[in-house]
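Before any comments, here is the structure.
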Amino acid sequence: ISASRVADTWVKTTCGYCSVGCGMLVGVKGRKAVTVRGNPEHPVNAGKLCPKGLSEHYILTAPGRARTPLLRKNRALTAVSWDEALDTMIEKIGALQEKHGSDALGVISTGQLVTEEFYTLGKLVQLGFRTRNYDGNTTLCMASAVSGYKLSFGSDGPPGAYADLEHADVILLIGANIADNHPILCQRLDRNKKRTLIVVDPRVTKTAMMADLHLPIKPRSDIALLNGIAHILIRERLIDENYIAQHTVGYEEFAAYISEYTPERVAAITGLSEETLIRTALLYGRARAAFIGWTMGVNHSTQGAVTVAAINNLALITGNIGRVGASPFSITGQCNAMGTRESGFASSLPGYRKFEKVEDREDLAKLWNISVDRIPTARGLAYPDIIEAAVSGKIKALWIIATNPVVSFPNHSVLEQALRSLDFLVVQDGFHPTPTSEFADLVLPAAIWGEKEGTFTNSERRVSKVNRIVAPPGEARPDFNIFLDLAGRLGVRDELYPGWTMPEDAYTEWQRISHGRLCDYSNFSWQEIEERGGVQWGGSRLYQDGIFQHPDGKARLHSVPCEPFIEQPNDEYPFILNTGRTVEHWHTRTKTAQVALLHNMVPNAWLEMNPADAAQLQLRPHDRVTVFSRRSSVKNVELRITGIVAPGQVFMPFHFAESNSNMVTLGAYDPISREPNFKQCAVRVERSARN
Ligand code: SF4
């Protein structure tokens, strides 16, 4: 190691990429982060890191940072002072709200901020700016898991823990390619030498390659599979009748409904053999402790929320919940998606309180010492509905924080139309230019991971400390400071944030607000989180007593129909396009494209196609192809001919702005969670002219 990379000091913190929440030590020399290593004492990763974590310090010296506020003047983004930027923001938004009503402002945040910032932002948006139209990019990844948990258990909150991966005898992963997306969880799984791993995925992903049994189901036949497993479990009496009687509601109707999902019928829908279905059900049903994990293969669907309920059904009828090794477990995406679920103000009120429940609103009003009339009685528009409202002219101003919808939102042309229709667009981000910030009327430069302090909560509800390693570049400020400054200019700072100067003040209030709730942070301070290396709210596992969050304390069994996905292939668009990720990159590559190590490993997008289909289209490996859907096209993508995808299916990563898969994806949403259906749309593939 060269002397320039030998650290003088080490700062303990938590990885800012995915929701696994690995603990790390960042080496600092002078004022520069020069190296990273895994924290051997952190309970999540015990010293291990994936390629993104191992190179995370490079992002702190990346060139593409937003350094100064920029205001559009005479069509060009022009450097201005913070005072001018924030005064203009307040003035423009205020004028539009005055004319069109307070809900003319939409706000889209992220899963990237610290919990202290989410809590501060939620109050600012709903009580300061007085708009209900607030949501996060988390609706693009885990809203269906939230809704599914609420349907089954009466509340959000993943019941299990990563340790369950080490203790389960059967692990069923459905629509979850953890080898690419949550790599350190594979290490946890590898410690379990006795487990049987079943992976359900239409693709032969890296995770499927690790499986004892891979079920390559037809796209979106997961509900039929889950119902079919339930059918066999009931038929074979591999259910926990005591648990069902004591802790659930709806078993009779569920059992009657499930009787239609015979192995023969399910085999026809899923493309699996009846023997495979029966083997899977027997493995799951005979397990002492069975774990089901899922991610975007389930959530990214117009039936995402009910698919989660169908997963929960299996856990409930077999009593595989609230025990060591036994859980239905949503693996989240972003580093602090959980923080926004718990403390945010989008799909629930803070502390999993419900908008529609008067006691919850009164409780919050009392805690905040405000009139209950100021707390909305229903959630506002969800992310896709904010975009549609911008197109139709109901939303006039939009504030986008730390997300890049121009690349990440489905059906790009509608998103672009929405941004062009706005009267005022504010983009607050650590990076500029991004494909989204280029549309902005105002760019607010924000500090990123490593330049500010707070907490992240990972998929297993573990709250870990995030620490400042270096100062933000130029005039960039922590989001927390930007929110407080705006509150001051709105005249609500003293009322909403009395005496607050630092994120710990937000945490202290959040502890009080969450006290006595399922997500209770009140019994661990910042210092204790640091000392204990992360603390799980609710303990290791929720629902150990079998008491759920529905008013009667019982979980609900739901009869879930398996519906075909909306855009079926036809002669003109014969392929089903699936989208996903790769281990080297994060979301829309705002960060990872700037880390040479990661960018050079995977610099471009690709399209996977089965050899039989490629032969029929007379395509060769590395040909440049164009992918067409009914909406638009993605040009000149490199072709990979591979058996990883089945005939009739193609796959593309969604990370790349230059080859944006969301040019062709479908603008269809789950009616309950509002999560987009990123996973299936009909496309045609042709060799590009440029070859
Ligand atoms: Fe970071 Fe996730 Fe990799 Fe852990 S697995 S180092 S949290 S990106």
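Here, each number is a calculation from the coordinates, and none is a lab measurement. Every value quoted in this text rests on a predicted model; they were computed, and no experiment measured them. As a convention, Cβ positions derive from the backbone with ideal geometry for all residues, glycine included, and neighbour counts pool all protein chains shown.
The phi-based Karplus calculation (6.51 cos²θ - 1.76 cosθ + 1.60; θ = phi - 60°) puts the 3J(HN,Hα) values of the range 473-479 at x, x, 9, 4, 10, x, 3 Hz, whole numbers, x for Gly and Pro. First select every other residue whose beta carbon is under 11 angstrom from the beta carbon of PHE431; then total the charges, Lys and Arg +1, Asp and Glu -1. Result for the neighbourhood of PHE431: +3.
Cα gyration tensor of the chain, axes a ≥ b ≥ c as square roots of the eigenvalues: rounded (a/c below 1.5), prolate (a/b > b/c) or oblate? Taking the square roots of the gyration eigenvalues as a ≥ b ≥ c, the chain is rounded. If I model a spin label as a point 7 Å beyond the Cα along the Cα-Cβ vector, how far apart are those points for VAL358 and LEU213 in nm? The two pseudo-label positions are separated by 5.2 nm.
Evaluating 6.51 cos²θ - 1.76 cosθ + 1.60 at θ = phi - 60° for every residue in the range 26-40, the Karplus couplings come out as 9, x, 10, 10, x, 10, 10, 7, 10, 6, 9, 9, x, 7, x Hz, glycine and proline recorded as x. For the listed peptides 49-60, 163-174, a ranking on the average number of other beta carbons within 10 Å per residue, highest first, reads 163-174, 49-60. Relative protection proxy for 231-242, 426-437, 392-403, from highest mean packing down: 426-437, 392-403, 231-242 (other beta-carbon atoms within 10 angstrom). Annotation: for a label point projected 7 angstrom from Cα along Cα→Cβ of GLU260, residues of the range 210-237 with backbone N closer than 17 Å are 221-232. Loop-located chymotrypsin sites (Phe, Trp or Tyr not before Pro) in the range 611-671 (DSSP state other than H, G, I, E, B) with a sparse environment of at most 12 neighbouring Cβ atoms within 10 Å are absent.
Only bridges whose two residues both fall in the range 575-687 count here: according to DSSP, what percent of them are antiparallel, nearest 5? Kindly include the intermediate steps, with their values, before the conclusion.
Working: 14 of 23 bridges.
So the antiparallel bridges in the range 575-687 amount to around 60 percent.
Along the Cα-to-C-beta direction of ARG512, a point sits 7 Å from the Cα; which residues of the range 526-556 have their amide N less than 19 Å from that point? Under 19 Å, as judged by backbone N against the label point of ARG512, lie 526-527 of the range 526-556. Net charge in the neighbourhood of GLN303 (other residues with Cβ under 12 Å of its Cβ; Lys, Arg +1, Asp, Glu -1) is -2.
Sequence-ordered 3J(HN,Hα) estimates for the range 550-563 from the Karplus curve with 6.51, -1.76 and 1.60 and θ = phi - 60° stand at 5, x, 8, x, 10, 7, 10, 9, 10, 8, 10, x, 8, 10 Hz, glycine and proline given as x.
When both bridge partners sit in the chain, DSSP labels roughly 50% of those beta bridges antiparallel.
Database remark: amide H of ARG461 closer than 5 angstrom to no amide H (H placed geometrically; neighbours at sequence offset of 5 or more, or on other chains; Pro and chain starts carry no H). If you filter the range 423-484 for GluC sites (Glu not before Pro), then keep DSSP loop positions with at most 16 other Cβ within 10 Å, what is left? Hits after loop and neighbour filter: GLU475. Other residues lying with their Cβ under 13 Å from the Cβ of ARG203 contribute a combined charge of +2, Lys and Arg counting +1, Asp and Glu -1.
Once backbone amide H atoms are built at 1.01 Å from N, ARG477 has ALA446, ALA447 as its partners under 5 Å, excluding neighbours fewer than 5 places away on the same chain.
When you count the other C-beta atoms within 10 angstrom of each residue and take the mean per peptide, 555-567, 126-138, 177-189 line up highest first as 126-138, 177-189, 555-567.
With an a/c value of 1.5 or above and a/b not larger than b/c for the gyration tensor axes a ≥ b ≥ c computed over the alpha-carbon atoms, the range 575-687 is described as oblate. Near the amide H of TYR134, within less than 5 Å, lie the amide hydrogens of VAL107, GLY380, LEU381, all on another chain or at least 5 residues away, with H placed in the peptide plane.
Normalised by the number of residues in the chain, the average gap of Cα pairs under 8 Å and 6 or more apart makes the relative contact order 20 percent.
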